[in-house]
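Since the structure comes first, as structure tokens, the remarks are kept for the end.
The values are calculated or read from the model by the stated rules, or taken from the named source; none is laboratory data. As the structure is a computational prediction, the values presented were derived from the model and not from experiment. A quick note on method: Cβ atoms are made from the backbone with ideal geometry, for glycine too, and the neighbour counts reach across all protein chains shown.
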Amino acid sequence: MNETGPERKVYPSTQADIAQLHYALERSEERVRVLEYDKLTDLWNNTVIREKLEQYIEEAKETGRTFAFLIADLDKTKEVNDTISHIKGDEYIRAFADSVRDNDFVVGRSGGDEFYFMLFLEDARNKHSDSSELREVYLSPEDQVEAASLSVEKRALAKIQEIGLGDIGGVSVGGAVFDVNETLESLVNRADKRMYQRKFEKKERKEAKDRHPSHTSIPIKPN
């Protein structure tokens, strides 16, 4: 209370005041989106996803929890841009983003056609502790990372086929389980190395298939 009486809260008194507050709030939310979200994909941008990776590392070191880190890189994006159009290249990137938008990972665009994923891993035996049968099923953290990588590739391919790039497009995903003694740079390097290994493996399989196409059956002439 002051000398003139009790203090009173001031509320917007007119529709104009309320509209101005709504406008200011909307502008504030827009600025946040510009600063934190990637414009093309509407996923976390490079700055935010790296900050979140640092947070995951810090929490893992403090709690001992294990997390998976994946790097996904679209295949032949330059070829799509050069031979079709940059508009189609942007559609290609957005299609991949749409394929991973609704999953358990924290995901963001780290730049160009590359994306980062993080997810804390759980012991499968703990998740299914009520089932004696499922208690026997256990994937190591490394196997969980590999399974997650293949799942991302499969979901992405389905979206890429929807936009007519199934014959040229694809994605290669490499992952690593965080080691409490390593740095952010070493974790990224390990996942990146695995991602390029995946690209090489896919290239080798395609070249082998091209060299040895499936044999077609030869019709037998009647006697």
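Numbers for the structure displayed
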item: Whichever residue in region 83-97 is over 16 Å from the mean Cα position of the chain (by Cα) and either of a type in the set (A, V, I, L, M) or at pLDDT below 95 (or both) and, among such residues, is surrounded by the fewest Cβ atoms within 10 Å (Cβ to Cβ); result: ILE87
item: Unmet requirement for GLY174, which otherwise passes all of (1) out of contact with any Asp or Glu (no Cβ under 8 Å at 6 or more places or on another chain); (2) assigned to a strand (DSSP E or B); result: (1)
item: Filter pass, LEU139 being under 21 Å from the mean Cα position of the chain (by Cα), of a type outside the set (Asp, Glu) and either at pLDDT 95 or above or not in a helix (DSSP H, G or I) (or both); result: no
item: Number of positions in region 173-197 that are touching a helix residue (DSSP H, G or I) at 6+ places or on another chain (Cβ under 7 Å) and buried (at least 22 other Cβ atoms within 10 Å of the Cβ); result: 5
item: Sole residue being closer than 20 Å to LYS159 by Cβ, more than 16 Å from the chain's Cα centre (by Cα), surrounded by 21 or more Cβ atoms within 10 Å (Cβ to Cβ) and not hydroxyl-bearing (Ser, Thr, Tyr), chosen from VAL80, VAL100, VAL107; result: VAL80
item: Test: PHE115 is surrounded by 13 or more Cβ atoms within 10 Å (Cβ to Cβ), out of contact with any His (no Cβ under 6 Å at 6 or more places or on another chain), modelled with pLDDT under 95 and under 21 Å from ALA156 (Cβ atoms); result: no
item: Pick from region 202-223, criterion exposed (fewer than 10 other Cβ atoms within 10 Å of the Cβ) and at pLDDT 80 or above, ranking: nearest to ASP73 (Cα to Cα); result: ALA208
item: Meets criteria (under 23 Å from ARG101 (Cα atoms) and either surrounded by fewer than 18 Cβ atoms within 10 Å (Cβ to Cβ) or in contact with a helix residue (DSSP H, G or I) (Cβ under 7 Å, 6 or more places away or on another chain) (or both)) for GLU162; result: yes
item: Verdict on GLU185 being at pLDDT 95 or above, within 24 Å of GLU51 (Cα to Cα), within 22 Å of the chain's Cα centre (by Cα) and of a type in the set (D, E, K, R); result: yes
item: Residue ID - surrounded by the most Cβ atoms within 10 Å (Cβ to Cβ), chosen from residues in region 45-72 that are part of a loop (DSSP other than H, G, I, E, B) and within 20 Å of the chain's Cα centre (by Cα); result: ASN45
item: Selection from region 73-119 of residues that are assigned to a loop (DSSP other than H, G, I, E, B), more than 26 Å from GLN55 (Cα to Cα) and among the hydrophobic types (A, V, I, L, M, F, W, C); result: ILE84
